[in-house]
1. Could you check, for segment 108-125, whether at least one of its residues is surrounded by fewer than 19 Cβ atoms within 10 Å (Cβ to Cβ), hydrophobic (A, V, I, L, M, F, W, C) and over 27 Å from Glu39 (Cα atoms)?
2. Being in a helix (DSSP H, G or I), open to solvent by 90 Å² or more (accessible area, probe 1.4 Å) and out of contact with any helix residue (DSSP H, G or I) (no Cβ under 9 Å at 6 or more places or on another chain) is the filter here, so list the residues in segment 55-66 that pass it.
3. Just one of the numbered conditions (1) surrounded by 19 or more Cβ atoms within 10 Å (Cβ to Cβ); (2) of a type in the set (D, E, K, R); (3) outside any loop (DSSP other than H, G, I, E, B) is not true of Arg69; which one?
4. Quick check, is Leu154 without any contact (Cβ under 8 Å) to a residue 60 or more places away in the chain, of a type in the set (A, V, I, L, M), part of a helix (DSSP H, G or I) and surrounded by fewer than 13 Cβ atoms within 10 Å (Cβ to Cβ)?
5. Of all residues in segment 128-141, count the ones that are open to solvent by 10 Å² or more (accessible area, probe 1.4 Å) and either on the phi < 0 side of the Ramachandran plot or touching a Ser or Thr at 6+ places or on another chain (Cβ under 8 Å) (or both).
6. So for segment 80-88 (the condition being open to solvent by 90 Å² or more (accessible area, probe 1.4 Å), under 16 Å from Ala214 (Cβ atoms) and aliphatic (A, V, I, L, M)), does at least one residue qualify?
7. So is Ala84 part of a helix (DSSP H, G or I), within 21 Å of Leu179 (Cβ to Cβ) and touching a residue at least 12 places away in the same chain (Cβ under 8 Å) or not?
8. So, in segment 35-67, exactly how many residues are closer than 24 Å to Arg124 by Cβ, over 25 Å from the mean Cα position of the chain (by Cα) and among the small types (Gly, Ala, Ser)?
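The values are calculated or read from the model by the stated rules, or taken from the named source; none is laboratory data. All of these numbers come straight from a predicted model, not from anything done at the bench. Glycine also receives a Cβ, built like all others from the backbone with ideal geometry; neighbour counts cover every protein chain displayed. The accessibility values were calculated without ligands, DNA or RNA, using every heavy atom of the protein model including side chains. Shrake-Rupley method; radii C 1.70, N 1.55, O 1.52, S 1.80 Å.
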Amino acid sequence: MTNHLRRLLAGLTLFVAEFTVTMLIGILGVIMFLFLGREVLNQQVTAFDEQATNWVRELLGPNQLGWIRGVTFLASANFIVIAALLLIGGFLLRRRHRWYMLLVPVVAIGSIVLNLTLKNAYQRPRPAMPVVAAQGLSFPSGHAMIAASFYGLLIYLVQTHMRRPSLRWVRRLTIVGLLLLILLIGLTRVYLRVHYTSDVLAGFMAGGVWLLIAIPLLKRIENETKKRFKKTLQSAGKQAL
């Protein structure tokens, strides 16, 4: 067996494994979201949400409003817009990754639109007596959904582009840090009593599934666009001859 064939088989095996894992995670996310949605509609999660809220407030401790509001701001619309624009500007300077200029707004805007659609479908009011003011409906949590999709996108970018062996530990620490940030944002929404725990879990599920759909979909669009552009150039070159 030649080295070329071995590399080809190894690449194919890796692709099949990644595709299978991605599909399983996506299916599991959809099932968990639908389960939570059914329980919310049937009002079967009240006891769980109350217990989880008490646990979160004990975990984070009393009188922690300052830093908790700072963390929850990292998934607010104002911050995400600025962060997305900075990302787009960075990709604009790097010609090799210009398709990310489309990926970033599609993930961010798509997550917001999907969240509003789901909120209107489930029509769940927010918890009573919130610590900070909050408007709109509760299920699923918009902050949790945006955190999962936007910071999940950053995890994808880090995993994809920080491949050098010398950056292995930097890559791992960055990914762990982003995962902890996503989790912490969800906890802050419960702590502030602007969401139930089931809202946050559903937001994580929906944001993750949306990310799993958006990335391969846009990569396919990118590949098809490049192929058509290449064919157009080849056709134009033949006509010029």
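1. Checked against the condition, which is being surrounded by fewer than 19 Cβ atoms within 10 Å (Cβ to Cβ), hydrophobic (A, V, I, L, M, F, W, C) and over 27 Å from Glu39 (Cα atoms), segment 108-125 yields at least one hit.
2. Passing the criteria: only Glu58.
3. Of (1) surrounded by 19 or more Cβ atoms within 10 Å (Cβ to Cβ); (2) of a type in the set (D, E, K, R); (3) outside any loop (DSSP other than H, G, I, E, B), only one is false for Arg69: (1).
4. Spelling it out, it is not the case that Leu154 is without any contact (Cβ under 8 Å) to a residue 60 or more places away in the chain, of a type in the set (A, V, I, L, M), part of a helix (DSSP H, G or I) and surrounded by fewer than 13 Cβ atoms within 10 Å (Cβ to Cβ).
5. Total satisfying the criteria: 8.
6. No - not one qualifying residue is present in segment 80-88.
7. Yes: the conditions hold for Ala84.
8. Count: 1.
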